[in-house]
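Asker: Just dropping this structure here.
Read the figures in this text as sums done on the coordinates, not as results from a lab. Given the structure is predicted, the values throughout are model-derived calculations rather than measurements. Here the Cβ positions follow ideal geometry from the backbone for every residue, glycine too, while neighbour counts run over all protein chains shown.
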Amino acid sequence: MGNYHRWKRTTGGAIISSFGDSVKTIFLDTNFLMAMGQMKGFNLTFELDRVFPEKRKLVVLKPVFDELSKLNKSGKKKVEKEAQIALFFVDKECEIWDTDYDHKNIDFILLEYGERYNGVIATNDKQLKRLARKKGLQTVFIRNQTYLMVE
């Protein structure tokens, strides 16, 4: 069918536009995922539906997954609990992609994949947001511990 423009009405009555077969790829950073365990009452799935009503693919790169797994065994109860919540979300909602980079700079890898797939970088890291915007990438972050904001 290809890409086509369409309009649809949300449950709240607002009319929004979307593109038929296009899929928005969202690359999730570690601190973004860990925030789910830090913010009581924050519903990431609901917020993603609100800001990205079109088709989307949530992607966690293998180095991010590995970092979450390491935090899950950190020995600090609070950090382990936050990592468990993040890993549960990743297991249920995300795809885990292997990367073709050997170095350890996860921010660099996220930016490279964001550019390669014209994706969105989901992070609360100010420096990563700045670098992503410099490269022309869209970012999504948690604002006031209650909702998502897209820039």
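Asker: Candidates [x] 1.02; [y] 1.07; [z] 1.18; which is the computed Cα Rg over 2.2 N^0.38 Å?
Answerer: Answer label, from the structure shown: [y].
Asker: Quick one: of LYS24/LYS129; LYS57/LYS78; LYS24/LYS62; LYS24/LYS134, which pairs are farther than 23 Å apart, Cα to Cα?
Answerer: Among LYS24/LYS129; LYS57/LYS78; LYS24/LYS62; LYS24/LYS134, the Cα-Cα distance tops 23 Å for LYS57/LYS78.
Asker: Given the DSSP H assignment, sum -39500 (n - 2.57) over each helix run of at least 4 residues in the chain and divide by its residue total; what's the result at 222 nm in deg cm²/dmol, nearest 500?
Answerer: -12500 deg cm²/dmol
Asker: Could you work out how far apart the two model spin labels at GLN38 and THR99 are, taking each label as a point 7 Å from the Cα in the direction of the beta carbon, and quote it in nm?
Answerer: Using points 7 Å along Cα→Cβ, the separation is 2.0 nm.
Asker: Something else now. Share of antiparallel DSSP beta bridges in the chain, in percent to the nearest 5?
Answerer: 40 percent
Asker: Which order do PHE32, PHE108, PHE89 fall in if you start with the one that has the fewest other Cβ atoms within 10 Å?
Answerer: By the 10 Å Cβ count, ascending: PHE108, PHE89, PHE32.
Asker: Quick one: net charge around THR99, please, counting Lys, Arg +1 and Asp, Glu -1 for every other residue with C-beta under 12 Å from its C-beta.
Answerer: Neighbour charge sum, excluding THR99 itself: -2.
Asker: Where does each of PHE27, PHE46, PHE141 land when they are ranked from fewest to most other beta-carbon atoms within 10 angstrom?
Answerer: So the ranking, lowest neighbour count to highest, is PHE46, PHE141, PHE27.
Asker: In what order do ASP107, ASP91 fall by count of nearby beta-carbon atoms within 10 Å, going from fewest to most?
Answerer: By the 10 Å Cβ count, ascending, the order reads ASP91, ASP107.
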